[in-house]
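A short worksheet on the structure shown next.
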Amino acid sequence: MDSDGVAGFYDAWATVYDAEQTPTDDVQYYLDRARDVDGRVLEVGCGTGRIYLELLREGIDASGIDLSSGMLDRLKTKAYAEGLDPDVRRADMREFTVEDPYDLVIVPFRAFLHNLTVDDQLAALQSLLDATADDGELVVNFYAHDCEFIVENYGIEETEQVEIGDDSYRVLHRADFVDEVEGIVKGEKVLFDQHDDVVVSETYRIASLTKREFELLLRLVGASSWRLTNLDGEPVQSVEDELVWSITP
């Protein structure tokens with residue numbers, strides 16, 4: 001993981017993130033999982049609080065970590081405005097520690113894919129499992145490797161309009177392989193104002209991780225067991241499903 005690069009991207013993009021059309025299909029899934037454990041929850045990659053604030057609103061005993069101080073600052077601002085008391089801190093998923101393991105540890109919305117190398121992936125999984133109670137679960141989700149989607153969408157510029165405060169902006173999105181052999185994808189986002197001047201331009205990198213590769217990683221770190229579902233809790237049927245891994249330490 002290029003921790004400086006990841007943090008730099010999200011620090012710069014924090015004010016834009018909430019304005020984007022981020023998927024919400026996973027929010028209810030993680031709320032239901034958190035209610036089911038009836039215990040302490042840790043969200044890794046909590047960002048600006050897309051899921052984390054929903055946990056607090058439900059009265060769930062939840063903590064959070066993220067690599068980006070900018071994202072965490074925005075989360076806290078939103079939480080305080082609602083009278084909520086967030087328990088979040090800056091930390092790297094590859095090397096963080098906790099005093100008391102959590103009943104549920106969640107890594108939503110592909111945050112795990114920011115670990116670019118096998119060493120990073122193994123280190124992150126080990127830290128995540130160490131933070132999970134022996135009778136708890138670690139839940140990680142990311143997209144399935146979809147060759148048709150890659151062919152049709154990678155290298156293509158897409159734009160969306162966003163509203164930030166009283167102003168309108170245009171966001172350009174583009175993703176493509178920066179290293180096809182290693183399966184590393186570079187994403188680019190550019191924010192343009194009404195005069196088409198660049199306000200923010202940032203890039204990030206993620207690893208394209210397949211189902212079999214992740215299973216091998218779980219075996220290497222000695223996970224006791226795991227099950228794979230989609231966000232409906234059903235067996236994965238196609239590459240259009242999110243891969244949701246529920247892992248026992």
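Read the figures in this text as sums done on the coordinates, not as results from a lab. Computed from a predicted model, the values in this text were never measured in an experiment. Here Cβ is always computed from backbone atoms with ideal geometry, including for glycine, and neighbour counts include all displayed protein chains.
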Query - Shape box of the stretch 3-107 [Cα atoms, principal axes, largest first, Å] - result: 36, 30, 26
Requested in this report: Calculate the length of the line joining the C-alpha centroid of the stretch 59-75 to that of the stretch 175-249, in whole Å.
Outcome: 20 Å
Report task. Would you please state which residues of the stretch 121-155 a label at D176 would reach in this model, taking the label point 7 Å out along Cα→Cβ and a backbone N cut-off of under 15 Å? Result -> 150-155
Query raised in the report: Amide H of V105: which non-local residues (sequence gap of 5 or more, or other chain) have their own amide H closer than 5 Å, using H built in the peptide plane?
Result: L42, E137, L138, V139
Query - Estimated D of the chain in µm² per second, where Rh is the Kirkwood radius over Cα pairs and Stokes-Einstein applies at 37 °C, 0.692 mPa s - result: 175 µm²/s
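Show me the three semi-axes of the equivalent ellipsoid for the stretch 147-207, from the C-alpha gyration tensor (sqrt of 5 times each eigenvalue), largest first, rounded to whole Å. Mind showing how you got there, number by number?
On the way: eigenvalues 143, 29, 13 Å².
Equivalent-ellipsoid dimensions as semi-axes: 27, 12, 8 Å.
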Query - Inter-site label distance for A144 and S224 at 7 Å from Cα along Cβ, in nm - result: 2.9 nm
Query raised in the report: Relative contact order for the chain using alpha-carbon pairs under 8 Å, separation at least 6, rounded to a whole percent?
Result: 18 percent
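Under 8 Å for C-alpha pairs, at least 6 residues apart: give me the relative contact order for the stretch 67-199, rounded to a whole percent. Before the final figure, lay out each step's value.
Details: 166 pairs, mean separation 21.5, N = 133.
Worked out over the stretch 67-199, it gives 16 percent.
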Query raised in the report: If we sort 42-53, 232-243, 168-179, 57-68 on the protection proxy, mean other Cβ atoms within 10 Å, highest first, what's the order?
Result: 42-53, 57-68, 168-179, 232-243
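Could you work out Rg/(2.2 N^0.38 Å) for the stretch 159-249, with Rg from alpha carbons only? Write down the numbers at each step before the final one.
Values: Rg = 18.8 Å, N = 91, 2.2 N^0.38 = 12.2 Å.
Taking N as the residue count of the stretch 159-249, the ratio is 1.54.
What share of the DSSP beta bridges in the chain is antiparallel, in percent to the nearest 5? Present the calculation step by step, with values, prior to reporting the outcome.
Details: 36 of 51 bridges.
Roughly 70 percent of the DSSP beta bridges within the chain come out antiparallel.
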Query raised in the report: By a straight-distance test (C-alpha under 23 Å), which lysines pair with K186 as possible cross-link partners, with residues fewer than eight away in the same chain excluded?
Result: K211
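Subtract the Cα-Cα distance of E82 and K211 from 0.36 nm times their separation in residues, and report this length gain in nm to one decimal. All intermediate terms of the calculation are to be shown ahead of the outcome.
On the way: separation 129, 0.36 × 129 = 46.44 nm, distance 3.93 nm.
Taking 0.36 nm per residue and subtracting the Cα distance, the gain is 42.5 nm.
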